[in-house]
Amino acid sequence: MDHQILLYYKYVRIDDPAALVQAQKELCQSLRLRGRILIGHEGLNGTVEGTLENTEAYIKETSADPRFVDIHWKKSEGTGEAFPKLSVKLRPEIVSGHLGEHDVNPVETTATHLSPDDLQSWFNEGREFHIVDMRNDYEHAVGHFEGSVLPPLSNFRNLPEVLPHVEHLREKTVVTVCTGGVRCEKASGYLLKNGFTDVYQLDGGIVSYMEKYPNSRFHGKLYVFDGRIVMGVGDDKAPEYVTVGRCHLCGTPSERYVNCANLNCHLHFISCRDCSPKNETAYCSENCAKVAV
């Protein structure tokens, strides 16, 4: 492949995050990488794209820092246009939880990491466990693990709202999942702090499982926060492939996202091409279309 996308994070104490912001910005600029990187006292969280050579150089340079030597780098094929620019920002949190006094420090409190291989074995053995998807509802609408619990989470900052939906699993074996792992580090710790007794998190996130076991127990596509919007691994024309996404307007199978043109709504939703043809204005409902007129 010509271009590569890196997805990575590390919860670790950063004493001078502003200095790291500047260093990361200069490194990415020198390697002509584009993407988004969030840095704070609690660590580093990024997604960047560049040529294969330059992204591998970025891995080598960043991993030379003792704080980041054991980062789990998730790699996927890029398009060269996944991000319009480079953004390296200083933030209070590297994933927005806004939990306040209920915040979790993953360095101190987090669940046991479960490898994709072990998760697959659990599936094959028929072990009793419950996957809780800690992504936003619009993400798991296009793809999720079979039989998983899908709390109606509109934003990760609403994490406390998940508890009523998983209360019945307090004494059960729970596996938290998210795209690359950064949200699960906090979410699993949050469950532990709230009395859940047997919690795991999928190591490397859904993307790592998909790469090892395409078209297996994760059905549909993986939502990603770049120009691709969704990504798949394996052949989506294969008989075993399951299309999870459904058009918000007519219910037919679809994996295409659009935004409602009513700026007071701007809902991000799945729509087939019949309901919102390419280059035509899209509305999520008749009411939004009427308001726009």
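Bear in mind that the values in this text are calculations on the coordinates, not laboratory data. This one's a predicted model, so the numbers in the text were calculated from it and none came from an experiment. Cβ coordinates were reconstructed from backbone atoms using ideal geometry, including for glycine residues, and neighbour counts include every protein chain displayed.
Assuming R0 = 41 Å, what is the FRET efficiency of Glu240 and Ala18, from their Cβ-Cβ distance, to the nearest 0.05? Before the final figure, lay out the partial values.
Details: r = 49 Å, r/R0 = 1.20.
It comes to 0.25.
Per residue, what volume in Å³ does the convex hull of the Cα atoms of the chain enclose?
Working: hull volume 44.8 nm³, N = 293.
Roughly 153 Å³ of hull volume per residue.
May I ask for log10 I(q)/I(0) of the range 3-90 at q = 0.20, 0.26 Å⁻¹, from a Debye sum over the Cα atoms as equal point scatterers with solvent left out?
Ignoring solvent entirely, the Cα scatterers give -0.87, -1.48.
Mind listing which GluC sites (Glu not before Pro) in the range 114-196 are in a DSSP loop and have 13 or fewer other Cβ atoms within 10 Å?
Within the range 114-196, the qualifying GluC sites (Glu not before Pro) (loop, at most 13 other Cβ atoms within 10 Å) are Glu128, Glu146, Glu171.
How about the range 160-189: which trypsin sites (Lys or Arg not before Pro) there are in a DSSP loop, with at most 10 other Cβ atoms within 10 Å of their Cβ?
Sparse-neighbourhood loop trypsin sites (Lys or Arg not before Pro): none present.
Rounded if a/c is under 1.5, else prolate if a/b is larger than b/c, else oblate: which is the range 114-162, with a ≥ b ≥ c the root eigenvalues of its Cα gyration tensor?
In terms of gyration-tensor shape, prolate.
For the chain, give me the percentage of DSSP beta bridges that are antiparallel, rounded to the nearest 5 percent.
About 65 percent, rounded to the nearest 5.
If one computes P(r) from the Cα atoms of the range 100-231, what percent of pairs lie at distances over 18 Å?
The answer is 49 percent, as a whole percent.
Taking the alpha-carbon centroid of each part, what is the distance from the range 232-289 to the range 124-165 in angstrom?
Using only Cα atoms to place each centre, the spacing works out to 21 Å.
Considering only the range 100-231, what is the antiparallel percent among its DSSP beta bridges, to the nearest 5?
In the range 100-231, DSSP labels about 30 percent of beta bridges as antiparallel.
Just want to confirm a number: the relative contact order over the chain, from Cα pairs under 8 angstrom separated by 6+ residues, in percent.
15 percent
Just for the range 3-90, what percent of DSSP beta bridges are antiparallel, to the closest 5? Let's see the in-between values first.
On the way: 20 of 25 bridges.
In the range 3-90, DSSP labels about 80 percent of beta bridges as antiparallel.
When only DSSP loop residues count, what trypsin sites (Lys or Arg not before Pro) in the range 1-45 have their Cβ near at most 15 other Cβ atoms within 10 Å?
Arg13, Arg32
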